[in-house]
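Colleague: Following this message is one structure expressed as structure tokens.
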Amino acid sequence: MAGGYPVGTIVGGLASARLLTDHGWPAVFVFGGIATLCFIPLVLLFAPESISFMIEQQRPDAMARINRVLGRMGRAAIDSLPAPAPKAPRIRLVALFAPAFVPLTVALTVAYLAHIMTFYFILKWIPKIVVDMGFAPPLAAGVLIWASIGGASGALLLGLLTTRLRVYTLTVVAMLASTLAVIAFGRGQSDLAALSLIAVIAGFATNAGVVGLYALVASAFPTHLRATATGFVIGVGRGGSALAPALAGLLFKAGYGLPTVAALMALGSLLAALALFTARRQLRAAA
């Protein structure tokens, strides 16, 4: 699922490169709005409600709807609806800060916030940085496409490797690689091919780290806390997606060059790896 994000940016980047050449930047936003509208009916038609939710609701047409979903999954139809499970007591946010879960909650939230800052620095600043190096805007969009190809590859490869290696280990390695790749990106490259190559590597490592964090959150908490923990960690951590472009902009405005700014923003991934290390025993046991 997480691999779909960079795949979407590849499609969007290809469209943007053409639209920027032929129609200018406003057309990119028009395209994005139209694409979003087109997906609304697709989701309504082809993304069914979850079976567990339909069982819980017990609507008159629930069994027919459930059997349609089961048929699409290649499963046998049911003859009767099971009784809905008793409602579990409401989980409060404070449960994440019980003594048994405080190390996990703090470590994963800090890790996600820090790493997402590095991730969004690469994602949001590549076009501007490439243009400032003297390349045309459509070529800058092309470099972003290569970064997204790396991101999609990182998501898929990390997912495949989790069948053989611990998610914790893979995630920490990805974050350390992300630190080095973003620093290397900031050193600048002599030509567009070299710039695209380092963008692929940076995209690969940063997105692999994000995917690994999703898996760690899902596996580290017990079932009754999983949704609450996921919402909290990602909700707080997504603040990094707003902070990263702004912080990088302030650093550039203050007169720091690309090598310095990239090195500072790369520290987010390093801090994330250190945060995970503080809860390594629990994380290794879970994943």
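Colleague: Hey, can you tell me all the residues within the stretch 1-24 that are among the small types (Gly, Ala, Ser) and either touching a residue at least 12 places away in the same chain (Cβ under 8 Å) or open to solvent by 30 Å² or more (accessible area, probe 1.4 Å) (or both)?
Modeller: Of the residues in the stretch 1-24, the ones among the small types (Gly, Ala, Ser) are 2-4, 8, 12-13, 15-17, 24.
The answer is 2, 3, 4, 8, 12, 13, 15, 16, 17.
Colleague: Between a first residue in the stretch 25-45 that is among the aliphatic types (A, V, I, L, M) and a second residue that is part of a helix (DSSP H, G or I), which pairs have beta carbons less than 7 Å apart while being 6 or more apart in sequence or on different chains?
Modeller: What qualifies is 27/19; 28/16; 28/19; 28/20.
Colleague: Check whether at least one residue in the stretch 99-108 is touching a Leu at 6+ places or on another chain (Cβ under 8 Å), within 30 Å of residue 9 (Cα to Cα) and outside any loop (DSSP other than H, G, I, E, B), and report yes or no.
Modeller: yes
Colleague: So residue 49 clears everything in (1) closer than 30 Å to residue 137 by Cβ; (2) open to solvent by 70 Å² or more (accessible area, probe 1.4 Å); (3) touching a helix residue (DSSP H, G or I) at 6+ places or on another chain (Cβ under 9 Å) except one condition, right? Which one?
Modeller: Going through the list (1) closer than 30 Å to residue 137 by Cβ; (2) open to solvent by 70 Å² or more (accessible area, probe 1.4 Å); (3) touching a helix residue (DSSP H, G or I) at 6+ places or on another chain (Cβ under 9 Å), residue 49 breaks only (1).
Colleague: Taking the criterion of being touching a Lys or Arg at 6+ places or on another chain (Cβ under 6 Å), more than 15 Å from residue 123 (Cα to Cα) and of a type outside the set (S, T, N, Q), would at least one residue in the stretch 161-169 satisfy it?
Modeller: Taking the stretch 161-169 and keeping what is touching a Lys or Arg at 6+ places or on another chain (Cβ under 6 Å), we get 168.
When the remaining residues are screened for being more than 15 Å from residue 123 (Cα to Cα), the result is 168.
Restricting the remaining residues to those that are of a type outside the set (S, T, N, Q) gives 168.
Checked the stretch 161-169: at least one residue is touching a Lys or Arg at 6+ places or on another chain (Cβ under 6 Å), more than 15 Å from residue 123 (Cα to Cα) and of a type outside the set (S, T, N, Q).
Colleague: Given the structure, is residue 145 touching a Gly at 6+ places or on another chain (Cβ under 9 Å) and farther than 17 Å from residue 12 by Cβ?
Modeller: Values: touching a Gly at 6+ places or on another chain (Cβ under 9 Å): yes; farther than 17 Å from residue 12 by Cβ: no.
For residue 145, the condition - touching a Gly at 6+ places or on another chain (Cβ under 9 Å) and farther than 17 Å from residue 12 by Cβ - is not met.
Colleague: For the stretch 67-87, which residues satisfy the criterion of being free of Cβ contacts under 8 Å to residues at least 24 places away in the same chain, surrounded by 11 or more Cβ atoms within 10 Å (Cβ to Cβ) and out of contact with any Asp or Glu (no Cβ under 9 Å at 6 or more places or on another chain)?
Modeller: Within the stretch 67-87, the subset free of Cβ contacts under 8 Å to residues at least 24 places away in the same chain is 67-71, 73-80, 83, 86-87.
Okay, now just the ones that are also surrounded by 11 or more Cβ atoms within 10 Å (Cβ to Cβ), so 67-71, 75, 77-78.
Within the stretch 67-87, 67, 68, 70, 71, 75, 77, 78 meet the criteria.
Colleague: Collect the residues in the stretch 189-217 that are touching a Phe, Trp or Tyr at 6+ places or on another chain (Cβ under 6 Å) and more than 17 Å from residue 236 (Cα to Cα), keeping them in residue-number order.
Modeller: Once the filter is applied, which keeps residues that are touching a Phe, Trp or Tyr at 6+ places or on another chain (Cβ under 6 Å) and more than 17 Å from residue 236 (Cα to Cα), the stretch 189-217 yields 196, 198, 199, 200, 202, 206.
Colleague: Right, something else. From (1) out of contact with any Ser or Thr (no Cβ under 7 Å at 6 or more places or on another chain); (2) open to solvent by 40 Å² or more (accessible area, probe 1.4 Å); (3) farther than 11 Å from residue 208 by Cβ; (4) in contact (Cβ under 8 Å) with a residue 40 or more places away in the chain, pick out the condition that doesn't hold for residue 157.
Modeller: (3)
Colleague: When you scan the stretch 127-138, how many residues do you find that are part of a helix (DSSP H, G or I), open to solvent by 30 Å² or more (accessible area, probe 1.4 Å) and either out of contact with any helix residue (DSSP H, G or I) (no Cβ under 6 Å at 6 or more places or on another chain) or closer than 18 Å to residue 213 by Cβ (or both)? Outline the logic, then answer.
Modeller: We begin by selecting, within the stretch 127-138, every residue part of a helix (DSSP H, G or I); these are 127-132, 137-138.
After this cut, where a residue has to be open to solvent by 30 Å² or more (accessible area, probe 1.4 Å) as well, the list is 127-128, 131-132, 137-138.
From the residues that got through so far, the ones that are either out of contact with any helix residue (DSSP H, G or I) (no Cβ under 6 Å at 6 or more places or on another chain) or closer than 18 Å to residue 213 by Cβ (or both) too are 128, 132.
The number of residues fulfilling the criteria is 2.
Colleague: Here's another thing I want to ask about it. Here are the criteria: (1) open to solvent by 60 Å² or more (accessible area, probe 1.4 Å); (2) more than 20 Å from residue 274 (Cβ to Cβ); (3) assigned to a helix (DSSP H, G or I). Tell me which single one residue 163 does not satisfy.
Modeller: (3)
Colleague: Kindly evaluate residue 46 against the criterion of being among the aromatic types (Phe, Trp, Tyr) and farther than 18 Å from residue 123 by Cβ. Write out each step before concluding.
Modeller: Details: among the aromatic types (Phe, Trp, Tyr): yes; farther than 18 Å from residue 123 by Cβ: yes.
So residue 46 fits the description; yes.
Colleague: Follow-up. In the stretch 26-63, how many are within 25 Å of residue 79 (Cα to Cα), assigned to a helix (DSSP H, G or I) and of a type in the set (Ser, Thr, Tyr)?
Modeller: Within the stretch 26-63, residues that are within 25 Å of residue 79 (Cα to Cα), assigned to a helix (DSSP H, G or I) and of a type in the set (Ser, Thr, Tyr) number 1.
The values are calculated or read from the model by the stated rules, or taken from the named source; none is laboratory data. A quick note: this is a predicted structure, and the numbers were derived from the prediction, not measured. Reconstructed Cβ throughout: ideal geometry from the backbone, glycine too, with neighbour counts over all protein chains shown. Just so you know, the surface numbers come from the protein's heavy atoms only, side chains and all, with ligands and any DNA or RNA stripped out. Shrake-Rupley method; radii C 1.70, N 1.55, O 1.52, S 1.80 Å.
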